[in-house]
Amino acid sequence: MIHWLRWSWRDLRERAVQVAVIALIIALGTGIYAGLGSTTPWRMKAADQGFEQLGMYDLQMKLTPGSYVEAQALLNIVHSIEDSWWIKAAEVRLLATTTISAGENILVRGHIIGMDMSGGSPQVNQIAIAQGRPLTEADDGQPVAILESQFAQHYHLPPQGEIRLSGDIPLQYVGQGTTPEYFIVMSDDGGIWAQASVAGLFLPLKTAQQITNHPNLVNNLVLRLQDDANEDLVRREIEVAFRAAFPNKGYVWTSRQWDYTYSTVYRSIDMNQQIYDMIAMLFLLGAAFGAFNLSGRIIQAQRREIGIGMALGMPPRLLMIRPLLVAAQIALSGTALGILLGLLLAQLAGTWIEGILPLPTYGTLIYPHVFVRAVILGLILPFVAALLPVWRAVRVSPIDAIKTGHLIEKGNRLSRWLNHFPLPGHSFVQIPLRNLFRSPRRTFATMLGIATAVTTLVGIVGILDSVLFTIDKIRAESLQDHPNRIVVSLDLPYAIDSPEVAFITQSPLVSLAEPWLRVPGKMRQDDKEILAAIELLHLDNPLWSPTLIAGQIPSSENPGILIAQKAADDLGVEVGDTITLEHPRRQGLLDAELVWSEVKITGIHADPWRNYVYMDLSQADLLNLTGLVNRIQIDPAPGVSYIEIKQALFQSPHVATVISIASAVDAAASIFDEAVKFLYSVEIGVLLLSFLIAFNSTNISMNERSREIATMFAFGLPIRTVIRMSMLENLVYGIIGSLLGSLLGLGVLYWFLSTQMTGIAADAHFSLAVAPFTWGLVVLTGVIVVMLTPLLTIQKMKRMDIPSTLRVME
């Protein structure tokens, strides 16, 4: 065995550069698979424990906006149902929005969550305190609160302090903390990781009722159920009792699995793992191809030795040991380095994840079974790839294997056919072109190696390009010609000519103002359903209106709705079709029921988000809100800043939020932030992989041509001519390989965007896009680097012993 090891070590030393490159590629693949893949079970376990430890609700009932009921009446309904014993805990809450001032120039949207403190602390969606003290039963009715910790940490606020709410209402926060609903901070516009623009505020229920002027009223119910509870049955029983008591009030149910925060936490874990797997497999396939290519070259160089061994009667299994030992040692060294890299990546990823996901507890980061799978993949793939050329080599007859190089190169039908066609240029131009057809197997292997590198580059970096392109489309559609546009939300619907609306529209700080309505709803077609934000505005106003890409704008003469192209595709409808729209219908000042209406699709708008539905304000009678508005979009007067607008409107108790559209777009686009940050971090690795594969493929090809190069030197050709010929040949390799890799990369990109990316952002339409900079990287890596690779062999050519090289080959 020592004899075989010595031979294999000699083979490794002779091809040290190629061996090191393949081992590094294996290390990158196994490191990413083990290190980043280990974070998936870690995140899963931490998320499971966090949601359970803080008592995440199993069922939630939200009353339609503007609807409230008495707290005790709602609790009585819950306790009166037949199967109430399935309910482990039931609590009522009051939810509202406001504007929060937390210091100079810190004016953000605030979410008020009034929580039942009758038991000393909430039993459902409990608060994990990060700093300060928790709320107690004694705080009920007092102007105190817990400030959401991610917002507080973002602005470096002290553990305790004072904030002010809309209407300049002072409030003391006694601590910082979070609940399961705020593991990921979300804006009202669907943006995630929005702690820079959204502040959660957890208050005792009576305090929230006093601040919002809704004494004894609530609009939210959360339930925790027994493990064996029938969730659907409990929900139906509560619905029956609620409708009997409050027939004119609408509501929406949400189960834990469909909670946006809960599902986003797990969807992001799944999406990350899919990206990890894809990148790791591309790396490992690149390594496997490199091992296959190198093994083939080693076998070709040892052809005579193998033939002599077979002629002397050595069994094929023994002849296979030497080249397979080389493959095994490459795989082993690459995998060992990959495990060290994986441990480092796991620690870095774990630190980053803890910074963006404030779970109450985290467990062990390293999961051995993930590393074991990485080791198996790192060892098996390159070894199996090397097995094929070795097996082919020992199956030829000894006499054919012993033949010398000049007898083996007999040409092929393609090269002989090409001899009948004149090629442009002199001999030194024609030789590189004819070389492509003299050895089709070598040509194909080299081009495939380059194509693998380019496929990886286009597939991975193209995901980043497509995400950023989609964000740019969202921004362009939202801002249009008024990038400073601001949307003001009111606490209730008010008449268009009311003082509350006039306070905003007639402000000297405003140059343009356009009142509108916004209500939540759903679109339904057959068994398909999509959440919707229904916007009613004058669609011909000069400030902003949706861009039409198909159909017609709805109006009083042509009533209907505009929907997004993605919504139309997902629902299977087109312009002119009728769909069912769920929406609230006002019954009284504090009453709204949910109804279903058949509406016509008059057109398609350009927004990539599928949730936005636009109607003309003249159709407000459908909601029984004719003449009323709850939002006003404004354009500041020249020289007036967003902060000045917020500070001026902050004094009105009727203003719920003041949001810059540019900020809202950034918040909505933040749903992609984790993917973008991750893809930026792996882009360097992908570029390195692309370079290594392209370099290794062409370097191996150059080494295989040693005898041909020595022959040209023997005939007196200078090094510069040989290098120029090699560069021309490699240029053709690079161009064809890059074209093939680009097509395959676009296929990988299309597959990922159409199937995998929708797991994290099902509501967005991703446009396939590859930036010019990425195509520049393709040209650099797949063409220029490949073309210049022969330059790295100049010193080796200068040191070449021509007689020895020719004699060894013979």
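The values are calculated or read from the model by the stated rules, or taken from the named source; none is laboratory data. Everything numeric here is computed off the predicted structure, so don't read it as measured data. No Cβ is skipped: glycine too gets one built from the backbone with ideal geometry, and neighbour counts run over all protein chains shown. These accessible areas exclude ligands, DNA and RNA; they are computed on the full protein's heavy atoms, side chains included. Shrake-Rupley method; radii C 1.70, N 1.55, O 1.52, S 1.80 Å.
For the range 497-525, residues that are more than 37 Å from the chain's Cα centre (by Cα) and either part of a strand (DSSP E or B) or within 16 Å of HIS583 (Cα to Cα) (or both) total 3.
Among the residues of the range 221-236, is there at least one that is over 18 Å from GLN257 (Cβ atoms) and not in a strand (DSSP E or B)?
Initial filter on the range 221-236 (over 18 Å from GLN257 (Cβ atoms)): none.
No, the range 221-236 has no match at all.
Of all residues in the range 39-72, those satisfying the criterion of being assigned to a loop (DSSP other than H, G, I, E, B) and either over 30 Å from PHE242 (Cβ atoms) or not hydrophobic (A, V, I, L, M, F, W, C) (or both) are GLY55, TYR57, ASP58, THR64, PRO65, GLY66, SER67, TYR68.
Tell me yes or no: at least one residue of the range 572-591 is in contact with a Pro (Cβ under 6 Å, 6 or more places away or on another chain), among the hydrophobic types (A, V, I, L, M, F, W, C) and either closer than 22 Å to LEU543 by Cβ or touching a residue at least 60 places away in the same chain (Cβ under 8 Å) (or both). Even if it seems obvious, please write down each step before you answer.
So in the range 572-591, the residues in contact with a Pro (Cβ under 6 Å, 6 or more places away or on another chain) come out as none.
No: the range 572-591 contains no residue that is in contact with a Pro (Cβ under 6 Å, 6 or more places away or on another chain), among the hydrophobic types (A, V, I, L, M, F, W, C) and either closer than 22 Å to LEU543 by Cβ or touching a residue at least 60 places away in the same chain (Cβ under 8 Å) (or both).
If we keep just the residues of the range 81-93 that are in a loop (DSSP other than H, G, I, E, B) and not aliphatic (A, V, I, L, M), which is surrounded by the most Cβ atoms within 10 Å (Cβ to Cβ)?
Going residue by residue through the range 81-93, those that are in a loop (DSSP other than H, G, I, E, B) are 81-83.
Applying the additional criterion that residues be not aliphatic (A, V, I, L, M) yields 82-83.
Values: GLU82: 11, ASP83: 15.
Of everything passing the filter in the range 81-93, ASP83 is surrounded by the most Cβ atoms within 10 Å (Cβ to Cβ).
Of everything listed in (1) within 30 Å of LEU744 (Cα to Cα); (2) modelled with pLDDT of 75 or more; (3) surrounded by fewer than 21 Cβ atoms within 10 Å (Cβ to Cβ), the single unmet condition for ILE463 is (3). The residue pairs whose first member lies in the range 22-47 and is over 17 Å from PRO368 (Cβ atoms), whose second member is modelled with pLDDT under 85 and not in a helix (DSSP H, G or I), and whose beta carbons are closer than 7 Å, counting only pairs six or more residues apart or on different chains, are ALA46/LEU359; ALA46/THR361; ALA46/TYR362; ALA46/GLY363; ALA47/LEU359. Being among the small types (Gly, Ala, Ser) and part of a helix (DSSP H, G or I) is the requirement here; does SER726 meet it? For SER726, the condition - among the small types (Gly, Ala, Ser) and part of a helix (DSSP H, G or I) - is met. Only one of the listed residues (ASP666, ASP635) is surrounded by 17 or more Cβ atoms within 10 Å (Cβ to Cβ), over 26 Å from LEU24 (Cβ atoms), among the acidic types (Asp, Glu) and modelled with pLDDT of 75 or more. That residue is ASP635. Within the range 581-610, being open to solvent by 30 Å² or more (accessible area, probe 1.4 Å) and among the polar types (S, T, N, Q) holds for one residue alone: GLN587.
For the range 168-192: of the residues being more than 21 Å from PRO134 (Cα to Cα) and either acidic (Asp, Glu) or buried (at least 20 other Cβ atoms within 10 Å of the Cβ) (or both), which is modelled with the highest pLDDT? Full working, then the answer.
The first filter runs over the range 168-192 and keeps only residues more than 21 Å from PRO134 (Cα to Cα), leaving 168-169, 186-192.
Restricting the remaining residues to those that are either acidic (Asp, Glu) or buried (at least 20 other Cβ atoms within 10 Å of the Cβ) (or both) gives 168, 186-192.
Details: ASP168: 84, MET186: 77, SER187: 68, ASP188: 65, ASP189: 57, GLY190: 57, GLY191: 59, ILE192: 66.
Applying the filter and picking the extreme gives ASP168.
Residues that are crowded, with 18+ Cβ neighbours inside 10 Å, part of a loop (DSSP other than H, G, I, E, B) and polar (S, T, N, Q) within the range 94-132 comprise ASN125, GLN126, listed in sequence order.
The set of residues from the range 133-154 being farther than 23 Å from SER118 by Cβ and open to solvent by 60 Å² or more (accessible area, probe 1.4 Å) comprises GLN153, HIS154. If you go through the range 788-799 one residue at a time, do you hit one that is at pLDDT below 80 and either under 21 Å from THR470 (Cβ atoms) or in contact with an Asp or Glu (Cβ under 6 Å, 6 or more places away or on another chain) (or both)? Looking through the range 788-799, none of the residues is at pLDDT below 80 and either under 21 Å from THR470 (Cβ atoms) or in contact with an Asp or Glu (Cβ under 6 Å, 6 or more places away or on another chain) (or both). A residue that is farther than 19 Å from LEU692 by Cβ, open to solvent by 10 Å² or more (accessible area, probe 1.4 Å) and hydroxyl-bearing (Ser, Thr, Tyr) can be found somewhere in the range 23-43. Would you pick out the residues in the range 498-524 that are of a type outside the set (A, V, I, L, M) and free of Cβ contacts under 8 Å to residues at least 40 places away in the same chain? Passing the criteria: SER498, PRO499, GLN506. Being part of a helix (DSSP H, G or I) and of a type outside the set (Val, Ile, Thr) narrows it down to one residue among GLU598, GLU644, GLU593; which is it? Selected residue: GLU644, the only one of GLU598, GLU644, GLU593 that is part of a helix (DSSP H, G or I) and of a type outside the set (Val, Ile, Thr).
Whenever a residue of the range 528-552 is more than 16 Å from ARG518 (Cα to Cα), its partners that are assigned to a strand (DSSP E or B) and among the β-branched types (Val, Ile, Thr), lying with C-beta atoms within less than 6 angstrom and at least six residues away or across chains, give the pairs ILE549/ILE604; ALA550/ILE604; GLY551/THR602; GLY551/ILE604; GLN552/THR602.
Scanning the range 778-810 for residues that are touching a Leu at 6+ places or on another chain (Cβ under 8 Å) and open to solvent by 20 Å² or more (accessible area, probe 1.4 Å) turns up VAL783, MET787. When residues in the range 349-379 are screened for being open to solvent by 80 Å² or more (accessible area, probe 1.4 Å), within 21 Å of PHE283 (Cα to Cα) and in contact with a helix residue (DSSP H, G or I) (Cβ under 8 Å, 6 or more places away or on another chain), 1 of them pass. There is at least one residue in the range 563-575 that is surrounded by 21 or more Cβ atoms within 10 Å (Cβ to Cβ), under 30 Å from the mean Cα position of the chain (by Cα) and assigned to a strand (DSSP E or B).
Beta carbons closer than 9 Å, at least 6 apart along the sequence or on distinct chains, pair a first residue in the range 231-251 that is over 15 Å from HIS79 (Cα atoms) with a second that is open to solvent by 60 Å² or more (accessible area, probe 1.4 Å) and in a helix (DSSP H, G or I) for LYS249/ARG243. Screening GLU162 on (1) open to solvent by 10 Å² or more (accessible area, probe 1.4 Å); (2) part of a strand (DSSP E or B); (3) in contact (Cβ under 8 Å) with a residue 12 or more places away in the chain shows it passes everything except condition (3).
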